[in-house]
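*Asks:* Take a look at this one; I'll ask things after.
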There are 2 protein chains.
Amino acid sequence: MAETRLAAHFNREGFPVCDHHTYVIAGDGCLQEGVASEACSLAGTLRLSKLTLLYDANNIQIEGSTDLAFREDVAKRFQAYDWNVIDVPDGNSVPMISDALRKSRNSDRPTLIIVHTKIGFGCPKKQGSASAHGAPLGEDNLKEPRRTLGYEYPEDFFVPAEVYTEMDKVKSRGNHAEAAWKELMGKYREEYPELAVEWDAWHNAPDFFKVLDDDALFRFDAGSMATRSAGGQSLNRLFAILPNLFGGSADLAPSNNSDIKESPWYDRDNRDAVNIHFGVREHAMAGISNGIALHGGLHAYCATFFVFSDYMKGAMRLSALMKLPVTYILTHDSIGVGEDGPTHEPVEHLAALRALPDMTVIRPADAVETACAYLHAFRAKNPTAIVLTRQNLPVMDRDIAKNALKGGYILSDSKKKKPDVILIASGSEVNVALSAQRLLREQDIDARVVSMPSFELFDAQDEAYRDSVLPSNVRARVAVEALSSFGWHKYIGLDGACVCLDHFGESAPADYLFKKFGFTPEHVCEVAIGVAHKNRK
Amino acid sequence: MAETRLAAHFNREGFPVCDHHTYVIAGDGCLQEGVASEACSLAGTLRLSKLTLLYDANNIQIEGSTDLAFREDVAKRFQAYDWNVIDVPDGNSVPMISDALRKSRNSDRPTLIIVHTKIGFGCPKKQGSASAHGAPLGEDNLKEPRRTLGYEYPEDFFVPAEVYTEMDKVKSRGNHAEAAWKELMGKYREEYPELAVEWDAWHNAPDFFKVLDDDALFRFDAGSMATRSAGGQSLNRLFAILPNLFGGSADLAPSNNSDIKESPWYDRDNRDAVNIHFGVREHAMAGISNGIALHGGLHAYCATFFVFSDYMKGAMRLSALMKLPVTYILTHDSIGVGEDGPTHEPVEHLAALRALPDMTVIRPADAVETACAYLHAFRAKNPTAIVLTRQNLPVMDRDIAKNALKGGYILSDSKKKKPDVILIASGSEVNVALSAQRLLREQDIDARVVSMPSFELFDAQDEAYRDSVLPSNVRARVAVEALSSFGWHKYIGLDGACVCLDHFGESAPADYLFKKFGFTPEHVCEVAIGVAHKNRK
């Protein structure tokens, strides 16, 4: 997909500056995983003709023959996806495989090459058996295959001279291809100087603050708006300086506000477009986004309901493990979803993503904090998960809320230097905390309100800053967040309290649920008084 | 699958005491999700002929026509899975649907009935459009469909008398069917008294401690064993009193130790068996386990590597949301996996599952604690995730380690009544904490070691017990666990410290990694000294 987009945008007659095939090597197990079905169905729909999947069909998996669990007709399944299917009956025949690869390059559809192989080939005791899958063959069982395969070197881990000679040819082929591409690119720069400038821009991150002023990034005129709407607006604003955005939603674009209004939709007939219809396929969506980020030249993002992040967690983990700058837009972030009920109301999901190394999680409290989240995400080298509301939230003071880039900051301070209690909140609960602060004042309790959109960004600040926000001598602390309390004790310790949601939600209007589950200024005030008194003793 | 198992075990000539069909209603989006591909491929392999999937094919999803993202030939795909496929061209024709259902009941394979429908049927302004999917039709747009469909009642939410009459017929049909089944069951009890006793046993939980003695549950003679091995042994011991176990692994049975040695494998030709080959399909495996638990009469369990729990998180959440007693066996629980590297080394997974409401997570420290975990899981009404090591761990004192059922307990106490520091650990790190306690003694620091296999079980104890294990006046606390520290501050607060793993693992032998990342008695000792000194001030 990345290749087709860049090719459509940059290639000109005689100048195929982006022009390559993509090869996948997969086994029986891979084709049993649901994510493979999702991705291959979409590849067929999108006619990704330069995609070739080599399927090592050896009929063996860890528990035994694939017949035990996998009797489907794989060729027919891929034909159903509208793929070109080629069968290679003998996986040890290099000419047969070469021939299949040659044919795949001329296909107008993606190609599945079914390569029939024998696991443990050449080792009579192991060939075709599950024991050749997960365990080493062992010293004795290595002798026979060496004989069968005519491998005459007695040493272990030995690379004979002929291999070096052959590999040198491969290197030389690669060097020539690179030199030829560089020459082509040089001529392209002369012939199409404007496109060349664009090419460079797409392959290097812009300096955001140089090209966008404060108003363009952080100005929101509405008094109140859902952070998902502010997110849509931020994404579209960033598109002005990031024309190489490439992403979409798992069939929820109108709800996620994840499409770029000025761009058409990417499909088999129009490759030069930002917006992708991923279909109802979260896992493949995240996997594809990783692929786009790995390819380069494009800014990958994808969107779905926060609760559905479960379906793509495996691929989100790979974003983090590979440190890929994929942006995850996750809307409908709490019981604020309302009537859709507990299946659609995230509870544990914030904790799950916050616990994932190298993933920055941001749950903004208003439009300005949302703009900060997008700014962070598209400048970051690691993946970012932006967690957004369905419901409206008041827009805060721009100059204060921009501190969201620090992860946590004093939004409204106590009158005294040392507050009686600190209320720490994120997202839709920040405003509840602000109202609770007012109620507490009426009871002569002087509270500080800290907005904490991102644990990771806050933890990355220096100790002096962190201690200025959460002084170690103020132990009366209350966390307010309409999701699991799990993880919050890092900030509230053993002496604080949580107003959180440690059970599943329910199906009812959002306002009703917030009230029922205690996310009201009155309840937060009550808990805060308890904590303040306990810590005064 | 549950129906075939019970039928094969209990039905006798003229006595079909378990005999029903299973119907699924799905839409375009459902068939795009990977989990559907996984489940349907397995259903074909297993020839589940009494399974019928009614596919509401209306060609519309939220972003527009299904052509945008889903052009596959669904009939052909299901034929590839070896399903019987029936097409119903007009989804408004009751006779056509009835006819298709009748045909499906005689099939020797699972049946897909593709029912072609029009979304928003009868409403000219909405029919066949995406706007009929996610939003209400609205007052005005309701008038036309009422006219088209000949619905003459003007009231909203009105149930006319004819509907009651028709529904009464359905109720009566149901009552007759129930009475007939009860009569059949009565005769069955006379004809097959032994099977009837077994039937009752399968449908009611046994009193474990009455039927199994302490030795049978908790005796392990080895000095050291992997908790996955102890898990396999516990599962096989429980099979003696739970012959209605039904489960398996996503192609990792030999590694997960999840098969019942005395039982054959469940397949299309042998339905009366415990062990299921799920194939490399984690998400479907967990979904199927939920289905088995919902069916009743069977104890569902499933197994895979802990890191792969990501792929089935969505279905694990449903186990919890529906409070289904599914047991998840999750082995290879940390960097102890070793050479497979960071893709196979869980880090954030314990936190993610601990944050999930109504899921009990247990990470036992040895064989005895593992037996406790299995005992808890198969007696519980909620789902349990049991997290087990690949590597060997010393077997602890039986009478002490049985306290694991309390979630957390004093494994080795300080000499003084008030310890200088408390080391809290789970799983493979408990032994590291015990060694650190010895080192600390040499430095005149008197530590208590708490084994904490389960946060949920510990939190469920009364406050007096919890305070006896973790006294509120001892703030010098160190958590030791080779996974994310996220969530541990609930027990260590702001004054404690974590020896945890807040980054991804690496590929190397387990011993090397434990040393490199600080899971050594020496490092724990060092951290504990720091914490003890800080809290003494």
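*Asks:* Would you pick out the residues in the range B:112-129 that are touching a strand residue (DSSP E or B) at 6+ places or on another chain (Cβ under 8 Å) and open to solvent by less than 30 Å² (accessible area, probe 1.4 Å)?
*Replies:* Residues of the range B:112-129 touching a strand residue (DSSP E or B) at 6+ places or on another chain (Cβ under 8 Å): B:112-117, B:119, B:128-129.
Hits for the range B:112-129 are B:Leu112, B:Ile113, B:Ile114, B:Val115, B:Ile119.
*Asks:* B:Gly174: open to solvent by less than 90 Å² (accessible area, probe 1.4 Å) and not in a helix (DSSP H, G or I), yes or no? Walk me through how you get there before you give the answer.
*Replies:* On the way: open to solvent by less than 90 Å² (accessible area, probe 1.4 Å): yes; not in a helix (DSSP H, G or I): no.
Spelling it out, it is not the case that B:Gly174 is open to solvent by less than 90 Å² (accessible area, probe 1.4 Å) and not in a helix (DSSP H, G or I).
*Asks:* Quick test for you: out of B:Asp200, B:Asp259, pick the one residue that is under 23 Å from the mean Cα position of the chain (by Cα) and at pLDDT 95 or above. Lay out the reasoning, then the answer.
*Replies:* Numbers: B:Asp200 fails: under 23 Å from the mean Cα position of the chain (by Cα).
From the options B:Asp200, B:Asp259, the qualifying one is B:Asp259.
*Asks:* For the range A:461-519, which positions are among the basic types (Lys, Arg) and in a loop (DSSP other than H, G, I, E, B)?
*Replies:* A:Arg475
*Asks:* Among the residues of the range A:59-87, write down those that are surrounded by 21 or more Cβ atoms within 10 Å (Cβ to Cβ) and closer than 14 Å to A:Lys118 by Cα.
*Replies:* Residues satisfying the conditions are A:Ile60, A:Gln61, A:Thr66.
*Asks:* Go through the range B:365-392 and report how many residues are surrounded by fewer than 24 Cβ atoms within 10 Å (Cβ to Cβ) and either free of Cβ contacts under 8 Å to residues at least 40 places away in the same chain or in contact with a Ser or Thr (Cβ under 8 Å, 6 or more places away or on another chain) (or both).
*Replies:* Number satisfying all stated conditions: 8.
This table checks each residue for (1) among the β-branched types (Val, Ile, Thr); (2) within 27 Å of the chain's Cα centre (by Cα); (3) modelled with pLDDT of 95 or more.
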residue: A:Ser454; (1), (2), (3): no, yes, yes
residue: A:Asp459; (1), (2), (3): no, yes, yes
residue: A:Val469; (1), (2), (3): yes, no, yes
residue: A:Ser472; (1), (2), (3): no, no, yes
residue: A:Ala476; (1), (2), (3): no, no, yes
residue: A:Val480; (1), (2), (3): yes, yes, yes
residue: A:Ser484; (1), (2), (3): no, yes, yes
residue: A:Trp488; (1), (2), (3): no, yes, yes
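*Asks:* Just need a number here: residues in the range B:112-123 that are in contact with a helix residue (DSSP H, G or I) (Cβ under 7 Å, 6 or more places away or on another chain) and assigned to a loop (DSSP other than H, G, I, E, B). It would help to see each step written out before you state the result.
*Replies:* Pass one, the range B:112-123, residues in contact with a helix residue (DSSP H, G or I) (Cβ under 7 Å, 6 or more places away or on another chain): B:112-115, B:119-120, B:122-123.
From the residues that got through so far, the ones that are assigned to a loop (DSSP other than H, G, I, E, B) too are B:119-120, B:122-123.
Residues in the range B:112-123 being in contact with a helix residue (DSSP H, G or I) (Cβ under 7 Å, 6 or more places away or on another chain) and assigned to a loop (DSSP other than H, G, I, E, B): 4 in total.
*Asks:* For the range B:374-421, which residues satisfy the criterion of being touching a helix residue (DSSP H, G or I) at 6+ places or on another chain (Cβ under 7 Å), assigned to a helix (DSSP H, G or I) and either over 29 Å from B:Arg475 (Cα atoms) or at pLDDT below 95 (or both)?
*Replies:* B:Tyr374, B:Leu375, B:His376, B:Phe378, B:Arg379, B:Arg398
*Asks:* What single numbered condition from (1) facing chain A (nearest Cβ under 9 Å); (2) open to solvent by 50 Å² or more (accessible area, probe 1.4 Å) fails to hold for B:Asp495?
*Replies:* (2)
This table checks each residue for (1) touching a residue at least 60 places away in the same chain (Cβ under 8 Å); (2) more than 26 Å from B:Phe517 (Cβ to Cβ); (3) away from chain A (no Cβ under 14 Å).
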residue: B:Ser412; (1), (2), (3): no, no, yes
residue: B:Lys417; (1), (2), (3): no, yes, yes
residue: B:Ala433; (1), (2), (3): yes, no, yes
residue: B:Ala436; (1), (2), (3): yes, no, yes
residue: B:Glu442; (1), (2), (3): no, no, yes
residue: B:Phe455; (1), (2), (3): yes, no, no
residue: B:Asp459; (1), (2), (3): no, yes, no
residue: B:Ser472; (1), (2), (3): no, yes, no
residue: B:Ala482; (1), (2), (3): yes, no, no
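*Asks:* Among (1) closer than 14 Å to B:Ile424 by Cβ; (2) of a type in the set (Phe, Trp, Tyr); (3) surrounded by fewer than 19 Cβ atoms within 10 Å (Cβ to Cβ), where does B:Trp488 come up short?
*Replies:* Unmet for B:Trp488, out of (1) closer than 14 Å to B:Ile424 by Cβ; (2) of a type in the set (Phe, Trp, Tyr); (3) surrounded by fewer than 19 Cβ atoms within 10 Å (Cβ to Cβ): (3).
*Asks:* Could you please find all residues in the range B:217-239 being of a type in the set (A, V, I, L, M, F, W, C) and more than 13 Å from B:Tyr374 (Cα to Cα)?
*Replies:* Hits for the range B:217-239 are B:Phe220, B:Ala222, B:Met225, B:Ala226.
*Asks:* A further question on this structure: For residues that are part of a loop (DSSP other than H, G, I, E, B) and of a type in the set (D, E, K, R), scanning just the range A:361-373, find the one that is nearest to the chain's Cα centre (by Cα).
*Replies:* Narrowing the range A:361-373 to residues part of a loop (DSSP other than H, G, I, E, B): A:363-366.
Now narrow it down to the ones that are of a type in the set (D, E, K, R): A:363, A:366.
Working: A:Arg363: 16, A:Asp366: 22 Å.
Within the range A:361-373, the match that is nearest to the chain's Cα centre (by Cα) is A:Arg363.
*Asks:* To continue, here is another question. Show me the strands (runs of 3 or more DSSP E) found entirely inside the range B:1-111 where at least 2 residues are under 32 Å from the mean Cα position of the chain (by Cα) and within 12 Å of chain A (Cβ to nearest Cβ).
*Replies:* Because the criterion is at least 2 residues that are under 32 Å from the mean Cα position of the chain (by Cα) and within 12 Å of chain A (Cβ to nearest Cβ), the strands (runs of 3 or more DSSP E) in the range B:1-111 that meet it are B:22-27.
*Asks:* Hey, does the range A:353-364 have a residue that's more than 25 Å from A:Tyr465 (Cα to Cα), within 13 Å of chain B (Cβ to nearest Cβ) and open to solvent by less than 10 Å² (accessible area, probe 1.4 Å)?
*Replies:* Within the range A:353-364, none of the residues are more than 25 Å from A:Tyr465 (Cα to Cα), within 13 Å of chain B (Cβ to nearest Cβ) and open to solvent by less than 10 Å² (accessible area, probe 1.4 Å).
*Asks:* Going by the conditions given, is A:Leu501 more than 19 Å from A:Leu440 (Cβ to Cβ) and within 14 Å of another protein chain (Cβ to nearest Cβ)?
*Replies:* Answer is yes for this residue.
*Asks:* Under 7 Å by Cβ, and 6 or more places apart or on different chains, what pairs join a residue from the range A:506-522 that is within 17 Å of A:Ala436 (Cβ to Cβ) with one that is among the hydroxyl-bearing types (Ser, Thr, Tyr)?
*Replies:* A:Phe514/A:Thr520; A:Pro521/A:Ser435
*Asks:* Sticking with this one: Can you list the strands (runs of 3 or more DSSP E) found entirely within the range A:218-325 that contain at least 1 residues being within 12 Å of another protein chain (Cβ to nearest Cβ) and open to solvent by 10 Å² or more (accessible area, probe 1.4 Å)?
*Replies:* A:275-277, A:299-305
*Asks:* Does the range B:1-19 hold any residues that are in contact (Cβ under 8 Å) with a residue 24 or more places away in the chain and either loosely packed, with under 14 Cβ neighbours inside 10 Å or charged (D, E, K, R) (or both), and which are they?
*Replies:* B:Glu3, B:Arg5, B:Arg12
*Asks:* Another one. Taking the condition of being in contact (Cβ under 8 Å) with a residue 40 or more places away in the chain and either more than 11 Å from every other protein chain (Cβ to nearest Cβ) or assigned to a helix (DSSP H, G or I) (or both), how many residues in the range B:330-351 meet it?
*Replies:* The total comes to 15.
*Asks:* Here is a list: B:Gly150, B:Gly134. Which entry is within 14 Å of chain A (Cβ to nearest Cβ), open to solvent by 30 Å² or more (accessible area, probe 1.4 Å) and small (Gly, Ala, Ser)? Working first, answer last.
*Replies:* Details: B:Gly150 fails: within 14 Å of chain A (Cβ to nearest Cβ).
Criteria check complete, one pass: B:Gly134.
The values are calculated or read from the model by the stated rules, or taken from the named source; none is laboratory data. From a predicted model like this one, the values you see are computed outputs, not experimental measurements. Don't worry about glycine lacking a Cβ; one is built from the backbone with ideal geometry, like all the others, and counts go over all protein chains shown. Heads up: the accessible areas ignore ligands, DNA and RNA and are worked out on the full protein's heavy atoms, side chains in. Shrake-Rupley method; radii C 1.70, N 1.55, O 1.52, S 1.80 Å.
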